[in-house]
Amino acid sequence: MNDSIEKRIELKAPISRVWRALTDYREFGEWFRVKLEGPFVPGQISRGQITHPGYEHVKWDAIVQKMEPERLFSFTWHPYSVDPKQDYSKEPPTLVEFRLEKIAGGTLLLLTESGFDKIPSGRRAEAFRMNDGGWTQQMSNIETYVAQRP
Amino acid sequence: MSHKGHRSKAGRRRAHAPVFAALGDETRLSLVATLCRGNPYSISQLTEGSKLTRQAITKHLRVLEGAGIVRCVRAGRESRFELDPAPIEEIKEHLALVSRQWDQALGRLKSFVEK
């Protein structure tokens, strides 16, 4: 297990087309299935309502981080906060980054979602300290242990 | 998005962050490793072979207990600790769910920009 999710996908479309699909809030809403209230602006909260069938009750709530044209689009959010009874605001937000690279015949999109291991700030006082760098190794250890106990 | 993430029974669903946080410590991780062997351990057994004091081990066990990873069972006058693997399974499932949902969203993005 890792504390981040990484995806790479090759798109047969020019980088400018992909950039628009990612950062124009209406276009983003089309494929992501969310009705956003307004454009993405770095440093600002983006609000909306998920339109994915069966998940229309779910709110979209993110903070736009970076918009470097045709290179990097990032936001923080609470990933797939689908359970209305759960208070996700206490969970640490994760960082979603879309990185674009021009390749022959189209665009390479690298998606990273990271920060699943972050500690809510309120808990730091309780000395819930993380080890630097050791997390990935620790999680694979844990995974091995758990796998031995089906 | 699938419903798989809802599989955990109502009320058993916990916040993931405390589980991640509780596991992010070498002492606690080694306690979990010991408890993974299956049987409940007493604090004395867990303190044996450790450089830490009984008090320190107890403190770490309480953190794990607070995150639901470990539970305390009474055996007469003695407290014993055993592992509850459910929270660790849940964070694994949670990551797998988020991963699958990105696969689906990126698939839709691909159709969207290539049409």
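The values are calculated or read from the model by the stated rules, or taken from the named source; none is laboratory data. The structure displayed is predicted, hence computed values, not measured ones. Here Cβ is always computed from backbone atoms with ideal geometry, including for glycine, and neighbour counts include all displayed protein chains.
Tabulated results
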item: Residue tally, condition out of contact with any strand residue (DSSP E or B) (no Cβ under 7 Å at 6 or more places or on another chain) and either facing chain A (nearest Cβ under 7 Å) or part of a helix (DSSP H, G or I) (or both), over region B:104-115; result: 7
item: Residue count, region A:28-68 (criterion: assigned to a helix (DSSP H, G or I) and under 21 Å from residue A:112 (Cβ atoms)); result: 3
item: Options B:98, B:63: the member that is among the β-branched types (Val, Ile, Thr), surrounded by 15 or more Cβ atoms within 10 Å (Cβ to Cβ), within 11 Å of another protein chain (Cβ to nearest Cβ) and in contact with a Lys or Arg (Cβ under 8 Å, 6 or more places away or on another chain); result: B:63
item: Those residues of region A:1-27 which are assigned to a strand (DSSP E or B), charged (D, E, K, R) and more than 18 Å from residue A:75 (Cβ to Cβ), in sequence order; result: A:8, A:10
item: Extreme residue, farthest from the other protein chains (Cβ to nearest Cβ), among residues of region B:70-86 that are modelled with pLDDT of 90 or more and closer than 22 Å to residue B:21 by Cα; result: B:72
item: Qualifying residue in region B:55-72 (condition: aliphatic (A, V, I, L, M) and touching a residue at least 60 places away in the same chain (Cβ under 8 Å)); result: no
item: Some residue of region A:18-25 being touching a strand residue (DSSP E or B) at 6+ places or on another chain (Cβ under 9 Å) and surrounded by fewer than 15 Cβ atoms within 10 Å (Cβ to Cβ); result: no
item: Selected residue [within 9 Å of chain B (Cβ to nearest Cβ) and without any contact (Cβ under 8 Å) to a residue 60 or more places away in the chain] from A:55, A:25; result: A:55
item: Those residues of region A:64-108 which are modelled with pLDDT under 95 and among the β-branched types (Val, Ile, Thr), in sequence order; result: A:76, A:82, A:94, A:96, A:107
item: Among (1) within 25 Å of residue A:115 (Cβ to Cβ); (2) within 14 Å of another protein chain (Cβ to nearest Cβ) - the single one residue B:56 does not satisfy; result: (1)
